[in-house]
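Have a look at the structure below, then the notes.
The values are calculated or read from the model by the stated rules, or taken from the named source; none is laboratory data. Being a predicted model, the structure only gives us computed values, none of them experimental. Positions of Cβ are generated from backbone atoms using ideal geometry, with glycine treated the same way; all protein chains shown enter the neighbour counts.
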Amino acid sequence: MPVSCARRYRIAVGVLTSIVGVAGCGIIDGGDTDTSVVQTMVTSTAPVSMSVSSSGSSTSTMPIVDVDPRRFALPGMAGYYRWIYPGSPARTCGFYPAGGDMAAQCFVTFPAGAPEVRNGPFHGSPNEILISVGQVVRSIGEELPAPAKPLQPGERITVSGISCTALVGGIECTDDGAGFRFVDGRLREW
């Protein structure tokens, strides 16, 4: 079912508002994790494997392991998750509540000449990509310096139907048929 422009705008605003709210929290320590924040948890699946070639296309050689999202939950922030994904440099991703839905946000390097975007006080080349309700949105924001645990290549985290899989040199996130893959500096959206 297509999502209207107004709905996509509300989702993007909700995600960005959540991100700005988290940015104001400062560095988060590694205290106890509140297990009530888990909305969807996959503990095992049939064997799955995937690898990514230098062109960003996938083949089937790397085993995929579903991880417990609680491992990446932000203490005291129900519904918020954050992790580091492989790459050079390593960057962060997270799941955040957004207007009644869940969204994934990953900081990536966009190709030169990418159209500028605006998000509140931020304006310029995009540096993050968001996915929610089957829509991929380019945005700009501030990457938090707070520590995060690594999602290792071959590990997949899933919350509320959005999945992100760490790949060798990058990340892939999908939701309701839409997705993005950022590997070795190359971004592909669908």
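If you go through region 153-190 and pick out every residue that is within 23 Å of A98 (Cα to Cα) and of a type in the set (G, A, S), you end up with 7.
G154 fulfils the conditions (1) under 15 Å from the mean Cα position of the chain (by Cα); (2) at pLDDT 95 or above except for a single criterion, (1).
Applying the condition of being of a type in the set (D, E) and surrounded by 21 or more Cβ atoms within 10 Å (Cβ to Cβ) to region 157-181 and asking which residue is farthest from the chain's Cα centre (by Cα) yields D175.
When region 78-116 is filtered for residues that are closer than 15 Å to I140 by Cα and out of contact with any strand residue (DSSP E or B) (no Cβ under 6 Å at 6 or more places or on another chain), the ones remaining, listed by number, are T109, F110, P111, A112, G113, A114, P115. Whenever a residue of region 118-139 is more than 23 Å from C164 (Cβ to Cβ), it has no partner that is among the polar types (S, T, N, Q) and surrounded by fewer than 19 Cβ atoms within 10 Å (Cβ to Cβ) lying with C-beta atoms less than 7 angstrom away and at least six residues away or across chains.
Flag set for V133, criterion: among the hydrophobic types (A, V, I, L, M, F, W, C), surrounded by fewer than 22 Cβ atoms within 10 Å (Cβ to Cβ) and in contact with a helix residue (DSSP H, G or I) (Cβ under 7 Å, 6 or more places away or on another chain).
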